[in-house]
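Here the structure comes first, spelled out in structure tokens, and everything after it is commentary.
The values are calculated or read from the model by the stated rules, or taken from the named source; none is laboratory data. Since this is a predicted model, take the numbers as computed values, not measurements. Methodologically, a virtual Cβ is constructed for each residue, glycine included, from the backbone with ideal geometry; neighbour enumeration extends over all protein chains shown.
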Amino acid sequence: MGNRISDRGGEALAEALKVNNTLTKLVLNNNQISNRGGEALAEALKVNNTLTQLDLRHNRISERGGEALGEALKVNNTLTQLDLMGNRISNRGGEALAEALKVNNTLTKLNLAWNQISNRGGEALAEALKVKNTLTQLDLRHNRISERGGEALAKALKVNNTLTKLDLRCNGISERGGEALGEALKVNNTLTKLDLRHNRISDRGGEALAEALKVNNTLTQLDLMDNRISDRGGEALAEALKVNNTLTKLNLTWNQISNRGGEALAEALKVNNTLTLLNLASNRISNRGGEALAKALKVNNTLTEVDLT
């Protein structure tokens, strides 16, 4: 629960930001600010030179407000974090912000989760990531990026050298998107955290990511929860863990891995010396797989957390 600040309050705060020279962080999440308030705040950002963090989560800002904020980011040179999660900026707003990212040189964190952005907006943001910028964290969870947007973002990761965290959970990127991201991770050398929960990448996507893990040396966290990965994908990931020496957290919750995959992962754990967390909750592993994992734990000396719920 937030307050009930609507456009009138948003406009008043925007006027204040035009003259205030001390405020660095403004949190307005869970209010009732719509486009009018969003546009007013955008105008303020064009002249304000102290604010570094603006939180507008869960308001009522749609395309128009998103476009206005995009225009503001083209000239603003102090804002480092912008959170628009849970608004409705959709593709037009996403495209406007993408254009801004091509010229903005201060923003490091952008949260666009739950904003009704589809592949068009995803492709626009991907193009922005190809241009030299400062963005290190991009949150696109719970949008509609789909496989086309996933493939576009993957291409961007091949040349981008600033992004360290990318959240794509719940976007329907499917097998093709998973395969494209796997290819990207073979050459990307900055991304440390990739969240692909609830994306239906299946075994093909899992295998592609596994191949990437054999050569990638920067990714430390990979979340593949609820992706229809079965033993084939589990075995591929196990082979990758035998040679990968950077991944510390791997989440495979709610997949379809049974004893065969569990045994393969157990064999990998006997030689892997970097993984600290392995989550295999809600798979199809029975006693055979459990016994194999138990044997692995007798020799593994790096794992601190294993979830077999």
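Given Ala113, Ala68, which one is assigned to a loop (DSSP other than H, G, I, E, B) and crowded, with 17+ Cβ neighbours inside 10 Å?
Result of the check over Ala113, Ala68: Ala113.
Return the only residue of Arg169, Arg204, Arg200 being in a helix (DSSP H, G or I) and outside the structural domain of Met85 (by TED's automatic domain parsing).
Exactly one of Arg169, Arg204, Arg200 is in a helix (DSSP H, G or I) and outside the structural domain of Met85 (by TED's automatic domain parsing), namely Arg204.
Please work out if Ala268 is part of a helix (DSSP H, G or I), of a type in the set (A, V, I, L, M, F, W, C) and in contact (Cβ under 8 Å) with a residue 24 or more places away in the chain.
Considered against the rule, which asks whether it is part of a helix (DSSP H, G or I), of a type in the set (A, V, I, L, M, F, W, C) and in contact (Cβ under 8 Å) with a residue 24 or more places away in the chain, Ala268 comes out as yes.
Consider segment 275-301. How many of its residues are over 13 Å from Asp231 (Cα atoms), in contact with a Ser or Thr (Cβ under 6 Å, 6 or more places away or on another chain) and not aliphatic (A, V, I, L, M)?
The total comes to 3.
Select, from Leu138, Leu181, Leu125, Leu209, the only residue that is closer than 27 Å to Thr276 by Cβ, assigned to a helix (DSSP H, G or I) and not assigned by TED's automatic domain parsing to the domain that holds Leu250. Reasoning before the result, please.
Values: Leu138 fails: assigned to a helix (DSSP H, G or I); Leu125 fails: closer than 27 Å to Thr276 by Cβ; Leu209 fails: not assigned by TED's automatic domain parsing to the domain that holds Leu250.
Exactly one residue qualifies, and that residue is Leu181.
Inside segment 101-144, can you point out the residues that are more than 15 Å from the chain's Cα centre (by Cα) and closer than 16 Å to Leu79 by Cα?
Leu101, Lys102, Val103, Asn104, Asn105, Thr106, Leu107, Asn133, Thr134
Tell me whether segment 185-194 contains one or more residues that are over 14 Å from the mean Cα position of the chain (by Cα), surrounded by 22 or more Cβ atoms within 10 Å (Cβ to Cβ) and of a type outside the set (S, T, N, Q).
The answer is yes, given that some residue of segment 185-194 is over 14 Å from the mean Cα position of the chain (by Cα), surrounded by 22 or more Cβ atoms within 10 Å (Cβ to Cβ) and of a type outside the set (S, T, N, Q).
Only one of these is modelled with pLDDT of 95 or more, of a type in the set (A, V, I, L, M, F, W, C) and buried (at least 23 other Cβ atoms within 10 Å of the Cβ): Leu277, Leu224. Name it. I'd like the intermediate steps shown before the answer.
Working: Leu277 fails: buried (at least 23 other Cβ atoms within 10 Å of the Cβ).
Among Leu277, Leu224, only Leu224 is modelled with pLDDT of 95 or more, of a type in the set (A, V, I, L, M, F, W, C) and buried (at least 23 other Cβ atoms within 10 Å of the Cβ).
For Asp83, all conditions in the list (1) touching a residue at least 40 places away in the same chain (Cβ under 8 Å); (2) assigned by TED's automatic domain parsing to the domain that holds Ser6; (3) of a type outside the set (Gly, Ala, Ser); (4) closer than 24 Å to Gly182 by Cα hold save one; what is the number of the exception?
In the conditions (1) touching a residue at least 40 places away in the same chain (Cβ under 8 Å); (2) assigned by TED's automatic domain parsing to the domain that holds Ser6; (3) of a type outside the set (Gly, Ala, Ser); (4) closer than 24 Å to Gly182 by Cα, Asp83 misses (4) alone.
Here are some residues: Asn76, Asn30. Which one is surrounded by fewer than 21 Cβ atoms within 10 Å (Cβ to Cβ) and without any contact (Cβ under 8 Å) to a residue 40 or more places away in the chain?
On inspection, the qualifying residue turns out to be Asn30.
Condition first: touching an Asp or Glu at 6+ places or on another chain (Cβ under 6 Å), within 22 Å of Arg4 (Cα to Cα) and not in a helix (DSSP H, G or I). Can you find one or more residues in segment 37-55 that meet it? Steps first, please.
If we filter segment 37-55 for residues that are touching an Asp or Glu at 6+ places or on another chain (Cβ under 6 Å), which is where we start, we get 37, 40, 55.
Filter once more, so that each one left must be within 22 Å of Arg4 (Cα to Cα): 37, 40, 55.
If we keep only those that are not in a helix (DSSP H, G or I) too, we end up with 55.
Within segment 37-55 (the criterion being touching an Asp or Glu at 6+ places or on another chain (Cβ under 6 Å), within 22 Å of Arg4 (Cα to Cα) and not in a helix (DSSP H, G or I)), the answer is yes, since at least one residue qualifies.
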